[in-house]
Amino acid sequence: MRPVIAILTFLFLTLTSCKEKGAETTSDTMTNAATDNLHFESGYSNVNGLKMYYEIYGEGKPLVLIHGGGSTIQTTFEKVIPLLAKNRKVIAVELQAHGRTSDRNKPLTFEQDADDVATLLKNLNIDKADFFGFSNGGTTVLQISIRHPEIVDKIILGSALSKRNGVPEQFWGFMKQARLENMPKQLKEGYKKVASDSTGLQTMHDKDVNRMSNFTDIPDEKIKTVKAPTLIVIGDNDVITPEHALEMHRLISNSELAIIPGGHGEYIGEITTLKPDFKESELIVPMIEKFLNKKEK
């Protein structure tokens, strides 16, 4: 078994003041190594039985960020948000049972996550946006493009899975044995840092594991319906195989494929990939900006 699989299992487990009905916002400030005193608005919206948490940074065309499994906004995107927010309105969300968003008495599904994001954007009066999803979030973005194409402009699929053969076979055996105590420390600490009730960590873990254990292929016919300009990104040492990324590239007619040196999420500074010699200049933000700014013929 490749050592990376143990950590990646859990990664799969993966402006304006909004006063409209169903959404509440507050003003706050984020401070991290990438920027000092980055202003943002945060809030909760009533979404299909959830109190769904979101953060909004910057101004311009909307870009929706969807985190990986077992993660929060910050554990997946903290390093890239300040960079992306320089030129656009970044809307980062936390999905069912993750971080600050509540749970519902139903299993996690990528289809439901897609519907939840679509409802959130409706509550925020955002008719259309670009989307960037990482890991499980990439699979959610794929489902948004399939189920809600009318709200999609461009999409970025970061280390996304659409078929079981997209990861090594041993991944699925490991998934059956997944335990909370084996979850990466950075993800557990990231959850406890923001969640109002840390006992929800076990629930999030178990629901993420159950969803992945029961993952079923997205049919080719549905993937082919995606017409949005698409950027597919994986690392050359990713849990997602290059063959799988290439297969998605061939199925999505208007797509580009990038294979970046590094592991699962290293190209965006995902928290479990950070090393002492981390450099902001090694992130793929310029590639993302170039893709999003490209004029379609």
Subset of the stretch 179-194 (residues that are surrounded by fewer than 20 Cβ atoms within 10 Å (Cβ to Cβ) and not in a helix (DSSP H, G or I)): 179, 184
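List the helices (runs of 4 or more DSSP H) that sit entirely inside the stretch 196-297 and contain at least 1 residues that are within 24 Å of residue 94 (Cα to Cα) and out of contact with any Lys or Arg (no Cβ under 7 Å at 6 or more places or on another chain). It would help to see each step written out before you state the result.
Numbers: elements: 200-213, 220-223, 242-251, 285-293.
Hits in the stretch 196-297: 200-213, 285-293.
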Among the numbered criteria (1) part of a helix (DSSP H, G or I); (2) within 27 Å of residue 263 (Cβ to Cβ); (3) among the hydrophobic types (A, V, I, L, M, F, W, C), which single criterion is violated by residue 64? (1)
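Taking the condition touching a Leu at 6+ places or on another chain (Cβ under 7 Å) and either surrounded by fewer than 15 Cβ atoms within 10 Å (Cβ to Cβ) or among the polar types (S, T, N, Q) (or both), does residue 202 pass? Please lay out each step first, then the result.
Details: touching a Leu at 6+ places or on another chain (Cβ under 7 Å): yes; either surrounded by fewer than 15 Cβ atoms within 10 Å (Cβ to Cβ) or among the polar types (S, T, N, Q) (or both): yes.
In short, yes.
Residues that are open to solvent by 10 Å² or more (accessible area, probe 1.4 Å), farther than 11 Å from residue 66 by Cα and touching a strand residue (DSSP E or B) at 6+ places or on another chain (Cβ under 9 Å): does the stretch 128-142 have at least one? Let's see the steps before the verdict.
Residues of the stretch 128-142 open to solvent by 10 Å² or more (accessible area, probe 1.4 Å): 128.
From what's left, farther than 11 Å from residue 66 by Cα: 128.
Filter again for touching a strand residue (DSSP E or B) at 6+ places or on another chain (Cβ under 9 Å), leaving 128.
Within the stretch 128-142 (the criterion being open to solvent by 10 Å² or more (accessible area, probe 1.4 Å), farther than 11 Å from residue 66 by Cα and touching a strand residue (DSSP E or B) at 6+ places or on another chain (Cβ under 9 Å)), the answer is yes, since at least one residue qualifies.
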Mind counting the residues in the stretch 94-116 that are touching a Ser or Thr at 6+ places or on another chain (Cβ under 8 Å), outside any loop (DSSP other than H, G, I, E, B) and open to solvent by less than 10 Å² (accessible area, probe 1.4 Å)? 2
Could you list, in sequence order, all residues of the stretch 63-92 that are touching a Lys or Arg at 6+ places or on another chain (Cβ under 9 Å) and open to solvent by 20 Å² or more (accessible area, probe 1.4 Å)? 74, 87, 89
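The values are calculated or read from the model by the stated rules, or taken from the named source; none is laboratory data. Quantities reported herein were computed from a predicted structural model and do not represent experimental measurements. Ideal geometry is used to build each Cβ from the backbone, glycine not excepted, and the neighbour counts take in all protein chains shown. What goes into the accessible areas is simple: the full protein's heavy atoms, side chains included, and nothing from ligands, DNA or RNA. Shrake-Rupley method; radii C 1.70, N 1.55, O 1.52, S 1.80 Å.
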